[in-house]
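Have a look at the structure below, then the notes.
The values are calculated or read from the model by the stated rules, or taken from the named source; none is laboratory data. Just so we're clear, the structure is a prediction, and the values are computed from it rather than from any experiment. Because the Cβ atoms are built from the backbone with ideal geometry, glycine has one as well, and the counts that use them run over all protein chains shown. Protein only, heavy atoms only, side chains kept; ligands, DNA and RNA dropped before computing areas. Shrake-Rupley method; radii C 1.70, N 1.55, O 1.52, S 1.80 Å.
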Amino acid sequence: MSTKALLITEVTPRAGSTKQVVDAWAALMPPKSSVTQRAIYQSLDGEVALELCALNTLADATTLESWWALAREKLSPNLASDFRRQLLTFVEAPKDTSDALPATAYLQLRHVEVPPDRYADYRAWRERTIFDVVRTATEVEVFLAYHTVLSTEPGVMFVSGFSGPVEDYTAVFSSPRYQQIVREAGDQFITGGDRGLYTRLYQRIAVA
């Protein structure tokens, strides 16, 4: 069953340093008392490194300060950005995973910001639209819905996992039906219209 408390951390390595960053990050073992599972990814273009941490509880994020300091010490020489962290809580799983984190080879983060007074309507709408597409698409192996607790990019975060060809997976979300869903979301629910939505693709590098 997917984790109820998820910590997402992203960094941008300096040009040509992604492998050094990913290798050094994967070698830093988090405290098992707080982090039940962890996975390291890099974006498909190689420009971003990503860490997912499954926490026992949201409160466990407050116990990681010394581990974050160690990561800063080890990774900083090869980073072009600071550490960007988001703490999220589980909402629902149209396609759940048996483990705390997806075990798929690839991951996509899909983010939208929804005005609070539209959130209940948005939940009902996405059940009829987004989740219907996801549940019937064999290319999508895992699809989890989270919401931010602490983030500079607040809102809904979908964690989507797949292991097949990237082009087969992306075809699910570029179909005419899904493009209509995106337009509806931009018109009805997303702060800033369809500019309030972003997606990013990653490949898994290491799991701990």
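Peptides 162-175, 99-112, 10-23 ranked from most to least packed, by the mean per-residue count of other Cβ atoms within 10 Å: 99-112, 10-23, 162-175. What the Kirkwood sum gives for the chain is a hydrodynamic radius of 17.6 Å, with every pair of different alpha carbons counted.
Relative contact order for the chain using alpha-carbon pairs under 8 Å, separation at least 6, rounded to a whole percent? Across the chain, relative contact order equals 28 percent. Remark on GLN37: its backbone amide H falls under 5 Å from those of ALA54, a criterion applied only to residues 5 or more positions apart or on other chains, H modelled at 1.01 Å from N.
Annotation: amide H-H contacts under 5 Å for LEU79 (H modelled 1.01 Å from N, sequence separation of 5 or more, or interchain): ARG14.
Put a dot 7 Å past the Cα of ARG72, heading toward its Cβ, do the same for ALA27, and the two dots end up 2.1 nm apart. Mean projection of the Cα convex hull over all viewing directions, computed for segment 18-127: 8.6 nm². Rounded to whole numbers, the Karplus 3J(HN,Hα) couplings from phi for segment 116-133 are x, 6, 10, 5, 4, 5, 4, 4, 5, 5, 5, 4, 7, 10, 4, 5, 5, 4 Hz, using 6.51 cos²θ - 1.76 cosθ + 1.60 with θ = phi - 60°, and x at Gly and Pro. Expressed as a fraction of 2.2 N^0.38 Å, the C-alpha radius of gyration for segment 73-134 is 1.56. Within the P(r) computed for segment 145-208, what percentage of the Cα pairs occupies the region above 16 Å? That fraction is 60 percent. What percentage of the solvent-accessible surface of the chain, computed with a 1.4 Å probe over protein heavy atoms, is contributed by carbon and sulfur atoms? Taking all protein chains in place, the chain shows 52 percent carbon and sulfur surface.
Over all other residues within a Cβ to Cβ distance under 14 Å of ALA39, the charged ones net out to -1, with Lys and Arg as +1 and Asp and Glu as -1. Just the number please: accessible area per residue for the chain, 1.4 Å probe, all protein chains included, in Å². Accessible area per residue: 46 Å².
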